[in-house]
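This report refers to the structure that appears directly beneath it.
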Amino acid sequence: MITTTALTRSYKKVPVVRDVSLRCEPGTITGFLGANGAGKSTTLKMIVGLVRPDRGTATIDGRPFGELPNPTRVVGTLLDASAMHPGRSGRATLTIAARLTGVHTRRVEHLLDLVGIADAAEKRVGTYSLGMRQRLGVAQALVGEPRALILDEPANGLDPEGIAWMRTLLRDFADHGGTVLLSSHLLHEVQATADHLVVISGGAVVAAGRLDDLLASSTILVRSPDPGALAAALQVARIDYVAGPGDVLTVDVSGGRVTTEVVAGVARDHQVLLTELRQSEPNGLEQLFFSLTAAHAAPPQEAAA
């Protein structure tokens, strides 16, 4: 179990993460999404004790990371694939990790095969491609046979075959009772992999829940010959919308408060002519992500993404 409660962090009085609460259950993969600077990496670093929160708590298996007697036996992490000694070989990197963790070094050979870099095991990490370093980083995260994984952009640099391999590996890990929390910019891959979703924008969580439920939440598409007047009417009614191409405004109805009848009533009350008003098709993850982040865009920038 990975849990955070109201995690908050500011840099030079600028809020970077604001009251972030999430819960990742065993047997599930949680996708953690947000634009660059949204606060994802800072949140992950607070969970594993690399950044101290100003307020809030984070626990793994019921304890803060710093109180775990042997953290690598509980949670494996991959936050920066470049944070490896470039002069060591892949095998040496894993052997040192195994000895520090307290597991038998014979696990190293298994992991080299598992992540598909056995043929490059004697090469120096500095000669590895980004995709190979990602594979080695995943092996390092798995060296202690942890029950949870926290991965920041694990598919970055992988080719299509590598991305498919990563998806299979994480799905198998979760299906055997593991907990996975991963951030990624590859929205289609998250949609194919994750069970749950947490979306962060401007340092705050703007959506969280089962992926299927979030994707099923529909929107209303509305158009007027006078889009400015329509936008103003929606603002007066405190109805959130996102402006799209062709003067179409997209209204989020996931909260259940807004319906096509409500939008039509707002337009009537403000004497705004409508030329289109309809329920959209169910969201794809890309559509959902952009609508959420656009509607909740905020100025805070992540200091160490």
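The values are calculated or read from the model by the stated rules, or taken from the named source; none is laboratory data. These figures come from a predicted structure and were not determined experimentally. Please note: Cβ atoms are built from the backbone with ideal geometry, for glycine as well, and neighbour counts cover all protein chains shown.
Taking the criterion of being surrounded by 18 or more Cβ atoms within 10 Å (Cβ to Cβ) and more than 26 Å from Q191 (Cα to Cα), would at least one residue in region 34-51 satisfy it? Checking region 34-51: at least one residue is surrounded by 18 or more Cβ atoms within 10 Å (Cβ to Cβ) and more than 26 Å from Q191 (Cα to Cα). Among the residues of region 196-214, those that are outside any helix (DSSP H, G or I) and on the phi < 0 side of the Ramachandran plot comprise H196, L197, V198, V199, I200, S201, A204, V205, V206, A207, A208, R210. A single member of T101, T93 is among the polar types (S, T, N, Q), closer than 30 Å to R23 by Cα and touching a residue at least 12 places away in the same chain (Cβ under 8 Å), and it is T101.
Pull up region 58-90, narrow it to residues that are in contact with a Pro (Cβ under 7 Å, 6 or more places away or on another chain) and of a type outside the set (A, V, I, L, M, F, W, C), then point me to the one that is farthest from S184 (Cα to Cα). Explain how you work it out, then say what you get.
In the first step, residues of region 58-90 are kept if they are in contact with a Pro (Cβ under 7 Å, 6 or more places away or on another chain); the result is 58, 65, 72-76, 78.
Checking which are of a type outside the set (A, V, I, L, M, F, W, C) leaves us with 72-73, 76.
Details: T72: 22, R73: 24, G76: 17 Å.
Restricting to residues being in contact with a Pro (Cβ under 7 Å, 6 or more places away or on another chain) and of a type outside the set (A, V, I, L, M, F, W, C), the top hit is R73.
Here is the figure for region 254-285: residues that are surrounded by 12 or more Cβ atoms within 10 Å (Cβ to Cβ), modelled with pLDDT under 90 and among the small types (G, A, S) total 3.
Each row is one residue, and each column tells you yes or no for (1) within 26 Å of F65 (Cα to Cα); (2) touching a helix residue (DSSP H, G or I) at 6+ places or on another chain (Cβ under 8 Å).
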site: H85; (1), (2): yes, yes
site: H104; (1), (2): yes, yes
site: D113; (1), (2): no, no
site: A121; (1), (2): no, yes
site: E145; (1), (2): yes, yes
site: D159; (1), (2): no, yes
site: T168; (1), (2): no, no
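Just one of the numbered conditions (1) in contact (Cβ under 8 Å) with a residue 40 or more places away in the chain; (2) out of contact with any strand residue (DSSP E or B) (no Cβ under 7 Å at 6 or more places or on another chain); (3) outside the structural domain of T275 (by TED's automatic domain parsing); (4) acidic (D, E) is not true of E189: (1).
In region 150-191, which residues are acidic (D, E) and either buried (at least 17 other Cβ atoms within 10 Å of the Cβ) or on the phi > 0 side of the Ramachandran plot (or both)?
Those that are acidic (D, E) and either buried (at least 17 other Cβ atoms within 10 Å of the Cβ) or on the phi > 0 side of the Ramachandran plot (or both): D152, E153, E189.
Here T5, T57, T42, T93 are screened, and the one residue that is more than 24 Å from V143 (Cβ to Cβ), assigned to a helix (DSSP H, G or I) and either out of contact with any helix residue (DSSP H, G or I) (no Cβ under 9 Å at 6 or more places or on another chain) or β-branched (V, I, T) (or both) is T42. With a requirement of 3 or more residues that are of a type in the set (A, V, I, L, M), the strands (runs of 3 or more DSSP E) lying completely within region 215-281 that satisfy it span 219-223, 248-252.
Condition check: buried (at least 16 other Cβ atoms within 10 Å of the Cβ), small (G, A, S) and out of contact with any Lys or Arg (no Cβ under 8 Å at 6 or more places or on another chain). Does A121 satisfy that?
no
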